[in-house]
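Q: Take a look at this one; I'll ask things after.
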Amino acid sequence: CPGRPRRAARRPARVRNRGAMGDEGPPLKRPAKAHGKVDRSCICAVVPARAGSKGVSGKNIKDFCGKPLMAWAIENGLKSKLISRTFVSTDSEEYRQIALKHGAEVPFLRPAEISHDTATDIQFLEHFLKWMRENEPADKQPSLLVQLRPTAPCVTAETVDAAVQKFLDHEDDQYDSLRSVTPADHEIFNMFFVDPHATERLVPWVQKAWRKDDPSKEIGEPQSVARQILPQVYWHNAYVDIMRPSTILEQRCTVGRRCLAFHMGLEDNVDIDTAEQWADAEKKKRAALEADAAK
């Protein structure tokens, strides 16, 4: 699970069952402890917005189609019909004031030790949940966390609500989390690690798979078969992540044992890591805004 350091191993672990992310492959076991019903009045959005972006300077507050970038994520939380409160987790007082101006709750500043370049999602989410437990009454504790990253400005509140609704529709299926995904190329099956203990030795990233047309048939060396028989692979585009608080606090990760897929189209993917990508994303956002205004 993300957020926990891994020890280097001489032999890579076997590929974990991927059935929880889609319809292919055998299902994962359900957690020993059943989840309770989700309190619809306590679904909270959290927008991570630390200062100090390296790719695009000041990215989270840089103007994007007339608003600071993170304001679009805040707006999605506020416009959502299913999210009850929208928070921003930031380490910057400047960012805090901007977030407050756009309607978010920012009751604390994130500590510097979990706001550096390599800080993980679980660190700031765990900090948020612990702050809530220490400062909010029991009936205000989050029942679900919806992470809305500022780097997904073309996502709409309707898409966010569709993802939350899907999780709620499956709440009795004991999922720990949901992640938005898009179809990815089959090339992951042709990817390799270099063994850290023998740098001339290649180790397959994926060591086993199953046939797309018959999941009961295992493929022992997916690097050496026709791509047409391999299962579909999905890319986590990080646009909408949903987690139960227990996944973070008890399992100490953000995915958990069972992760529900929220499928999006390839056309939904927008990167803003370079000036060129930023300009392309603004063009797409303006076109969407104009189309909405024309309705």
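The values are calculated or read from the model by the stated rules, or taken from the named source; none is laboratory data. Computed from a prediction, not measured in an experiment: that's the story for all the values here. A quick note on method: Cβ atoms are made from the backbone with ideal geometry, for glycine too, and the neighbour counts reach across all protein chains shown. The area values use the complete protein model at the heavy-atom level, side chains included, leaving out ligands, DNA and RNA. Shrake-Rupley method; radii C 1.70, N 1.55, O 1.52, S 1.80 Å.
Q: Filter the stretch 83-131 down to residues that are part of a helix (DSSP H, G or I), in contact (Cβ under 8 Å) with a residue 60 or more places away in the chain, open to solvent by less than 40 Å² (accessible area, probe 1.4 Å) and not aromatic (Phe, Trp, Tyr), then give me how many there are.
A: 4
Q: May I ask you to list the residues in the stretch 245-273 that are in contact with a Leu (Cβ under 8 Å, 6 or more places away or on another chain) and within 16 Å of Ile122 (Cα to Cα)?
A: Those that are in contact with a Leu (Cβ under 8 Å, 6 or more places away or on another chain) and within 16 Å of Ile122 (Cα to Cα): Pro245, Ile248, Leu249, Thr254, Arg257, Cys259.
Q: Let me ask you something else. Would you mind telling me which numbered condition in (1) part of a helix (DSSP H, G or I); (2) within 16 Å of Gly256 (Cα to Cα); (3) of a type outside the set (A, V, I, L, M); (4) touching a helix residue (DSSP H, G or I) at 6+ places or on another chain (Cβ under 8 Å) Ser180 fails?
A: Only one criterion is unmet by Ser180, namely (1).
Q: Here's a follow-up. Return the residues of the stretch 132-157 that are part of a loop (DSSP other than H, G, I, E, B) and either more than 27 Å from Trp278 (Cβ to Cβ) or open to solvent by less than 20 Å² (accessible area, probe 1.4 Å) (or both); say none if nothing qualifies.
A: Glu136, Pro137, Gln141, Pro142, Ser143, Leu148, Pro150, Ala152, Pro153, Val155
Q: A further question follows. For Arg40, only one of the following conditions fails: (1) surrounded by fewer than 15 Cβ atoms within 10 Å (Cβ to Cβ); (2) at pLDDT below 95. What is its number?
A: (2)
Q: Search the stretch 23-47 for residues that are at positive phi and pair each with any residue that is modelled with pLDDT of 90 or more and surrounded by 12 or more Cβ atoms within 10 Å (Cβ to Cβ) when their beta-carbon atoms are under 8 Å apart and the residues are at least 6 apart or on different chains.
A: Gly25/Trp210; Gly25/Pro215; Gly25/Pro231
Q: Which residue pairs have Cβ atoms closer than 6 Å, lie 6 or more positions apart in sequence or on different chains, and pair a first residue in the stretch 262-283 that is without any contact (Cβ under 8 Å) to a residue 24 or more places away in the chain with a second residue that is of a type in the set (A, V, I, L, M)?
A: If the second residue must be of a type in the set (A, V, I, L, M), no pairs are left.
Q: Residue by residue through the stretch 186-207, note down the ones that are touching a residue at least 60 places away in the same chain (Cβ under 8 Å) and open to solvent by 80 Å² or more (accessible area, probe 1.4 Å).
A: Matches in the stretch 186-207: Phe193, Pro196, His197.
Q: Quick one: in the stretch 176-199, of everything that is within 20 Å of Gly265 (Cα to Cα) and among the aliphatic types (A, V, I, L, M), which residue is farthest from the chain's Cα centre (by Cα)?
A: Result: Ile188.
Q: What are the residues in the stretch 219-244 that are surrounded by 12 or more Cβ atoms within 10 Å (Cβ to Cβ) and either free of Cβ contacts under 8 Å to residues at least 12 places away in the same chain or more than 26 Å from Ser180 (Cβ to Cβ) (or both), if any?
A: Of everything in the stretch 219-244, those that are surrounded by 12 or more Cβ atoms within 10 Å (Cβ to Cβ) and either free of Cβ contacts under 8 Å to residues at least 12 places away in the same chain or more than 26 Å from Ser180 (Cβ to Cβ) (or both) turn out to be Ile219, Glu221, Gln223, Val225, Ile229.
Q: Now, a different point. Is it true that Ala163 is within 19 Å of the chain's Cα centre (by Cα) and at pLDDT below 95? Break it down into steps so the answer makes sense when it comes.
A: Values: within 19 Å of the chain's Cα centre (by Cα): yes; at pLDDT below 95: no.
No: the conditions fail for Ala163.
Q: Among all residue pairs at least 6 apart or on different chains, which show Cβ distances below 6 Å where the first residue, located in the stretch 162-184, is free of Cβ contacts under 8 Å to residues at least 60 places away in the same chain and the second is open to solvent by 10 Å² or more (accessible area, probe 1.4 Å) and of a type in the set (Val, Ile, Thr)?
A: That search, which allows pairs on different chains as well, returns Ala184/Val233.
Q: Also, quick follow-up: Restricting to the stretch 260-289, name every residue that is exposed (fewer than 11 other Cβ atoms within 10 Å of the Cβ) and closer than 20 Å to Val160 by Cα.
A: Gly265, Leu266, Glu267
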